[in-house]
1. Could you run the Debye sum over the Cα atoms of the chain, one equal point scatterer each and no solvent, and tell me log10 of I(q)/I(0) at q = 0.09, 0.14 Å⁻¹, two decimals?
2. Between Ala282 and Asp154, what is the label-point separation in nm under the 7 Å Cα-to-beta-carbon projection?
3. With 22 Å as the limit, write out which pairs from Lys38/Lys155; Lys30/Lys262; Lys190/Lys240; Lys49/Lys262 have Cα-Cα distances beyond it, or answer none.
4. Given a 1.4 Å probe, how much area per residue of the chain is accessible, in Å²?
5. Tally the DSSP beta bridges in the chain and give the antiparallel ones as a percent, rounded to 5.
6. Binning every alpha carbon pair distance of the range 157-292 at 5 Å from zero, what are the percents per bin?
7. Can you figure out the FRET efficiency of Leu274 with Glu216, using R₀ = 35 Å and their beta-carbon distance, to the nearest 0.05?
8. Which angle from 0 to 90°, rounded to the nearest 10, does the C-alpha axis of helix 280-289 make with the longest principal axis of the chain?
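The values are calculated or read from the model by the stated rules, or taken from the named source; none is laboratory data. The model shown is predicted, which means the values in this text are computed figures rather than measured ones. For neighbour counting, all protein chains shown are included, and Cβ atoms are generated from backbone atoms with ideal geometry for every residue, glycine included. Keep in mind that these areas ignore ligands, DNA and RNA; they rest on the heavy atoms of the full protein, side chains included. Shrake-Rupley method; radii C 1.70, N 1.55, O 1.52, S 1.80 Å.
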Amino acid sequence: MPKPAPVRKAVLPVAGMGTRFLPATKAVPKEMLPVVDKPVVQYAVEEAKEAGIEQFIFVTGRGKHVIEDHFDHAYELERLLSSREKTEQLNSLLEGLPASGSVSFTRQQRPLGLGHAVWCARHFVGNEPFAVLLPDDLLVGKPGALKQMMQVYDKVGGVIVAAEEKPLAEVERYGVIDPGVIKGNVIEVKGVVEKPKAAKAPSRLCVIGRYILQPEIFTELDKQDKGAGGEIQLTDSMAKTIGRMPFHAVTTTCARYDCGDKVGFLQANIAVGLSRPDIAPALKAILKSVKF
Ligand code: G1P
C-alpha cells in the first residue's frame, strides 16, 4: 500500500456547555479546568503536537473566548516574569503556545452534536485527512495516544479510532465497535453504533475521544440525520464509510481519564499529580494520611 496522505490538521471540538460541572463552568469553559496546573485542553494540544499535527482547529461556542486567549501570547505577564527572572514560569507559558498562524477558531452556533461540531470545521480541514481530539478524554502515556494511532495509520491508512474495553453496564455512554479481525492492538471495524443499550451492543469495545478521519466524512455529515440523543452523531457518519475505506480501532497503552465527569476529573488530577516528580512526594503523603 502506498504511504497514506499525512495528517497535519486536528479538530478540537470545545463547544460543549459543561453543565455537569456547574457552577464551576458558569464563567469558565470546562476545557479550561486545570489538571494539576494545565487546562485540560492543553493536554490534547500537546498530544496532537507530539503526533506531528501542524494546524489546530478549535470548534468553539459562546463563552469560550478564554480558550483563544490561552493559546495566545500574554505580553504583560511574559514581560513581568521576564523582568523578575522567573524563567521556569515564563517557559511554562511559552512552551504551551502553538506556532503563530497555526491555530484557527470557528463556532458551532447551535449545540447539534459532535458530528455537527466536526462538520463546522470542514472549510478549515479541506480535502485532506485530519485528526479529532475530544479534550474531555485525557489520555496519558508515552508515546501519546494520537502518535500511537498515527503509527498504525501509516501502515493501514483510512479511518482510525482509539478504543477501550468497558464494562457492559457502561457501553451505552459510548460509540461501540463491531470488531472483525484482531491483530495485536489493531482491530478491524465492521460496524459502529452510538450509545447502544447493553443488550444490543455489538461488543464492549468502545470508541474513546481520538479519531483519524478522511475528508469523505464531510460528505456524510452534510446529509447526516439526527441519531442517539437527538444529536448529529459523528459515529453514524463514520459507520456509513465502512466498506469504502479501511477502518480500524487501536487500543493504546495510554490511561484514559474522563474529565467531563467529576470523579474522572479528580482521578486525572491525582494520577497526573502522582506522575509529577515536583508534586508526587507531597501528594502521596497527603493521600496516605486521608481518613475515610
Ligand atoms: C462522544 C462520541 C462517542 C465516544 C465518546 C468518547 O460521546 O459520540 O462515540 O465514545 O465521545 O468519550 P459523548 O461523550 O460526547 O457523549
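1. With one equal scatterer per Cα and no solvent, log10 I(q)/I(0) is -0.45, -1.08.
2. 4.0
3. Going by Cα-Cα distance, Lys38/Lys155; Lys49/Lys262 fall outside the 22 Å limit.
4. For the chain, the per-residue accessible area is 52 Å².
5. Of those bridges, close to 60 percent are antiparallel.
6. Calculated over all Cα pairs of the range 157-292, the distribution is 2, 9, 16, 18, 17, 11, 9, 7, 6, 3, 1, 0 percent.
7. So the FRET efficiency works out to roughly 0.25.
8. 90
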